[in-house]
Amino acid sequence: MAAWPFVLFSIVFAALVCAHFLPSYRAWLSTCGEHPADIDPDYVRMEDYFARSFRLKMSEWRKLPVYETLPDGTLMIRKGDERIRVSGPCEYPARSESDDILAVEGDFRCGTDCAFNREIHVRGNAFIGPGTRLQSIAVDGNLQLGDRVMVTRWADSAGEMELGSDSVVRARATSGALIRLRRGAKVGSAFAPVVTTSTRDGEDEVISTEAAFDRLEIPASDGVRSRIDAGRQRRIDPKKLHRLGADSWIYRGDLNAAAPVRVKTRLVVWGDLVLPAGSIAEEDLKARGRISVAQDSVCRGSVVADKEISFGPSSRFQGIVHTGRTLRLGPGVVGGARGRKVAAYSAGILELAENVTVYGKVASGEHVAVVTGK
Amino acid sequence: MTYLILACKVCLGFTIVVLTVYAIRHYLFALYRISLRNSQDMMELVGFTTPSVSVLVPMHNEEKVAAHVLQALVDCDYDWNRLEILAIDDRSEDRTGEIIDQFAAKYPIIKAIHRSKGVGGKGAALRIASAQASGEILLLFDADYVPGRSMIKFLIAPFCDPEVGAVMGRVVPDNGGASLLAGLLELERSAGYQVGQQARFNLNLTPQFGGTVGGVRASVLKAVGGWNAESLTEDTDLTFRLLMQGWKVAYVNRAECYEEAPETWEVRSRQIRRWAIGHTECFHDLWKAWLKGRFLSTAERIDGLFVLACYLTAPVLVLGWLASLVLFFTPQAHSTALFLVALPFVGYQLFGNQATFLELGSAALLDCNRRRIRLLPLSLLNFFASTGAICQALFNFYFGGIFRSGPHHWHKTVRYRDADGSVYRTGENADSVSKLLVRSPNGLYLSR
């Protein structure tokens with residue numbers, strides 16, 4: 001039998017194998033000496049990073065040469081293919097449109113249904129007319145977004161920010177003072193010393209809810225016992241309660257006490273957790289199911305759930321709230337306190353009812369929405 | 001002869017089943033990760049919780065890198081009133097102790113711990129340091145790591161979940177361009193963290209605490225008995241003891257930290273031999289208790305066994321090759337259909353070095369490293385080298401009369417960084433906004 005077919009086969013096979021590795025070898029040569037990933041070790045996480053970065057860039061762009069001065073004193077600066085318009089206080093009439101980056105040295109106003117397709121920096125206060133569409137805006141004073149305004153990226157104000165009814169900030173809204181959200185407003189996240197859906201100026205008085213309730217303690221302080229609610233046949237089963245650590249307990253199953261409870265320790269519930277009205281959780285709570293915190297309850301630690309979390313009317317949380325699904329903050333809910341910021345995050349939708357105040361941040365994987373009437 | 005052939009068939013069949021199962025597992029991880037669902041993301045909560053933190057940095061002859069890691073930790077954006085850094089000099093014979101003392105004299109948040117006797121090894125050093133730590137959370141960094149300024153805040157964010165007992169960040173080789181091996185290891189790490197760890201965390205399986213760029217609750221560490229000074233892989237040992245007792249390990253993909261990957265095959269071989277022995281020791285110590293773990297779900301038990309036994313797949317594969325060779329030279333009829341079904345699964349696993357091409361490629365895409373995807377075929381070299389090293393290690397482990405390796409000494413990876421004392425920074429990628437920040441007296445970065 002002639003050997004040449006085998007030799008030919010071997011050559012072809014070897015060539016195919018080499019062809020398989022040749023692009024890899026060339027890729028190795030081209031990437032030799034490179035950093036595979038760029039990590040900035042100097043990066044400091046800031047909630048208003050985009051706004052800071054934009055203001056920094058604007059301060060540098062303002063130093064670029066002016067190529068044209070308009071009759072009204074507006075300076076035109078060119079940056080590559082983009083134009084920067086530097087003006088004093090200005091007012092745009094209804095249905096105005098601009099593709100320039102705007103730098104306003106004073107107050108900025110615009111009428112209804114305008115469209116600003118680039119960033120805006122305002123040294124003074126800004127009043128955005130209803131139906132207007134913005135890309136992003138940084139205001140050194142107060143910012144008022146009218147009804148149905150759409151900000152496709154971020155909005156920042158050093159002063160107070162108000163989002164009108166059905167207005168939207170798709171990414172981040174940040175303020176150095178206060179963010180007020182009207183009915184139907186939506187944001188990706190909002191961060192400020194105070195984030196509120198209250199329509200009244202001034203802070204709502206926080207009424208203490210630690211009234212004298214006959215609360216069931218978890219874990220019980222006088223040894224393991226069960227307590228049966230004679231009327232509803234619900235109980236906390238001590239057999240399901242296991243010590244996880246020195247300061248943590250696990251409850252295996254749904255925990256739905258009929259009476260107010262005082263949870264004195266970190267508690268992990270392998271199911272749904274319902275805290276009846278007037279309950280107090282002194283430490284962190286976690287549920288693998290849902291968490292429902294009824295009205296006038298207080299959660300002093302963090303509240304974490306794999307599924308939905310809801311806070312009933314006038315309840316309070318003083319730590320972090322995190323859920324893998326929807327988070328609902330009912331009417332009058334207060335999160336955090338002055339000087340003690342908290343964060344509430346949902347991977348799904350975060351719904352804010354009326355008169356909700358969060359000192360810190362509300363954020364969502366989808367959006368934060370003001371939902372009234374529920 | 002008949003029995004030999006039967007044994008070979010059983011062996012080959014077992015190999016195909018094991019590798020197929022692993023391949024499917026990694027395939028599912030990659031698919032899940034690509035779908036980008038991450039309901040457990042806690043990055044939006046960074047900075048809203050400030051427990052007291054003790055950072056432990058064990059060192060043994062680390063004069064080349066000691067200054068870098070300590071300076072990087074001092075530069076972290078965390079309240080100094082709630083931070084302490086414990087730098088442990090474990091019987092170093094170079095200037096490590098001197099460098100630590102210099103930093104401790106300059107920065108009050110750094111405490112120097114010098115060990116000159118006692119059981120050797122990282123686990124023992126951590127035991128000593130943990131006893132002296134006052135923080136609620138203990139964070140660990142190996143000496144050759146350079147944490148970013150927000151690293152501490154990133155790592156402690158998941159501890160707002162009371163079920164989380166430990167947290168793990170992401171390790172990124174910085175010297176991926178230094179050699180072919182380092183480049184391949186960079187791909188491997190990327191797959192392991194960006195896809196493997198993240199998928200396991202999202203699926204509530206068993207993400208692993210890696211002993212560096214991570215942390216553990218001090219109370220939890222105490223509850224599970226502390227660091228195992230006898231183990232070569234005290235991080236794996238701790239992970240599984242935590243999980244068995246009902247705690248969870250959280251993975252933070254955004255907490256990225258540079259490390260130095262081995263640049264030579266010899267160094268890599270030593271590293272992976274240590275991992276293989278350590279993992280296998282853990283497997284033998286813990287598998288029974290793991291299967292009985294009353295706080296574990298069925299999925300966790302299964303995935304945990306996969307993790308513990310992952311290094312055993314190398315000798316299983318080699319035995320399968322040998323069995324197939326024997327069968328090849330014997331005149332036996334084989335099931336063509338079974339062969340055709342099994343071959344692509346085995347082949348897929350074969351070239352992936354315990355991670356499929358899909359997982360490696362997915363990780364590279366998620367990292368926006370499209371050019372490095374073309375390096376995938378070269379991972380075959382890493383695979384064969386690793387398989388050989390693992391088999392050698394496990395042979396010594398099982399047949400070398402060392403079932404329990406006993407107290408260990410330091411097993412370190414060679415350091416490649418120059419010891420010029422300068423802080424290690426990428427420089428060209430420094431964010432301009434960060435430069436506007438000033439350091440307050442309590443260590444936090446504030447705007448000017």
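Backbone amide hydrogens, once placed in the peptide plane, bring residue A:271 within less than 5 Å of A:253, A:288, A:289, excluding anything fewer than 5 places away on its chain. Need one word for the range B:40-286: rounded, prolate or oblate. Basis is the Cα gyration tensor (sqrt eigenvalues a ≥ b ≥ c); a/c below 1.5 gives rounded, then a/b vs b/c decides. Judged from the Cα gyration tensor, the range B:40-286 comes out rounded (a/c under 1.5). So what's the gap between the Cα centers of the range B:86-126 and the range B:274-324, to the nearest angstrom? Each part reduced to its Cα centre gives a spacing of 35 Å. Mean-square fluctuations from a GNM of chain A, with a 10 angstrom spring cutoff on Cα atoms, peak among A:262, A:338, A:182 at A:338. Of all lysines in the structure, the ones whose alpha carbon falls short of 27 Å from that of residue A:186, not counting any fewer than 8 places away in one chain, are A:307, A:341, A:361, A:374.
With semi-axes defined as the square roots of five times the eigenvalues of the C-alpha gyration tensor, the equivalent ellipsoid of the protein assembly as shown measures 49, 36, 28 Å, largest first.
If R0 is 56 Å, the Cβ-Cβ spacing of residue B:10 and residue B:371 corresponds to a FRET efficiency of close to 0.80.
With a 1.4 angstrom probe, the accessible area lost at the A-B interface totals about 5400 Å². Using the Cβ-Cβ distance between residue A:70 and residue A:198 with R0 set to 35 Å, the FRET efficiency works out to roughly 0.25. Taking a straight Cα-Cα cut-off under 27 Å and skipping sequence neighbours fewer than 8 places away in the same chain, the lysines within cross-link reach of residue B:117 are B:64, B:106, B:222, B:412. When the residues A:60, B:266 are ordered by accessible surface, computed with a 1.4 Å probe over the protein chains alone, the sequence from largest down reads B:266, A:60.
Measuring r between the beta carbons of residue A:17 and residue B:325 and using R0 = 22 Å, the FRET efficiency lands at 0.65.
Among A:296, A:72, A:156, the largest mean-square fluctuation in a Gaussian network model of chain A (Cα springs under 10 Å) belongs to A:72. Among the trypsin sites (Lys or Arg not before Pro) in the range B:80-131, those located in a DSSP loop and surrounded by at most 11 other Cβ atoms within 10 Å of their own Cβ are B:117.
Residues considered: A:17, A:195, A:333. Largest GNM mean-square fluctuation over chain A, using C-alpha springs under 10 Å, is found at A:17. Bridge orientation summary for the protein assembly as shown: considering DSSP beta bridges with both residues in this region, about 20 percent are antiparallel.
Distance from the Cα centroid of the range B:195-262 to that of the range B:354-395 is 23 Å (rounded to whole angstrom). Taking amide H positions as modeled 1.01 Å from N, with prolines and chain starts lacking one, the residues under 5 Å from residue B:135 and 5 or more places away or on another chain are B:54. Surface composition of the protein assembly as shown: carbon plus sulfur atoms hold 57% of the accessible area, using a 1.4 angstrom probe and ignoring ligands, DNA and RNA. How much of the DSSP bridge set in the range B:40-286 is antiparallel, in percent, rounded to the nearest 5? Given both bridge residues lie in the range B:40-286, the antiparallel proportion sits at roughly 25 percent.
Between residue A:165 and residue B:438, the simple label model (points 7 Å from Cα in the Cβ direction) yields a spacing of 4.6 nm. With both residues required to sit in chain A, DSSP beta bridges show an antiparallel share near 20%. Using a simple spin-label model with pseudo-atoms 7 Å out from Cα toward Cβ, residue A:117 and residue B:102 lie 5.7 nm apart. Evaluating 6.51 cos²θ - 1.76 cosθ + 1.60 at θ = phi - 60° for every residue in the range A:339-349, the Karplus couplings come out as x, 9, 7, 10, 9, 10, 9, 10, 5, x, 9 Hz, glycine and proline recorded as x. Spin-label model, residue A:240/residue A:82: points 7 Å from Cα along the beta carbon direction are separated by 5.6 nm. Given +1 at the Cβ of Lys and Arg, -1 at the Cβ of Asp and Glu and no other charges, the dipole of the protein assembly as shown around its Cα centre is 1800 debye to the nearest 20.
Among the aspartates and glutamates, which fall within straight-line cross-link reach of residue B:9, defined as a Cα-Cα distance under 20 Å, with same-chain neighbours fewer than 8 residues apart omitted? Within the straight-line cut-off, residue B:9 pairs with nothing.
The values are calculated or read from the model by the stated rules, or taken from the named source; none is laboratory data. What you see is a predicted model, and the numbers here were worked out from it, not measured in a lab. Note: ideal-geometry Cβ built from the backbone for every residue, glycine included; neighbour counts use all protein chains shown. To get the accessible areas, we keep the full protein, side chains included, count just its heavy atoms, and leave off ligands, DNA and RNA. Shrake-Rupley method; radii C 1.70, N 1.55, O 1.52, S 1.80 Å.
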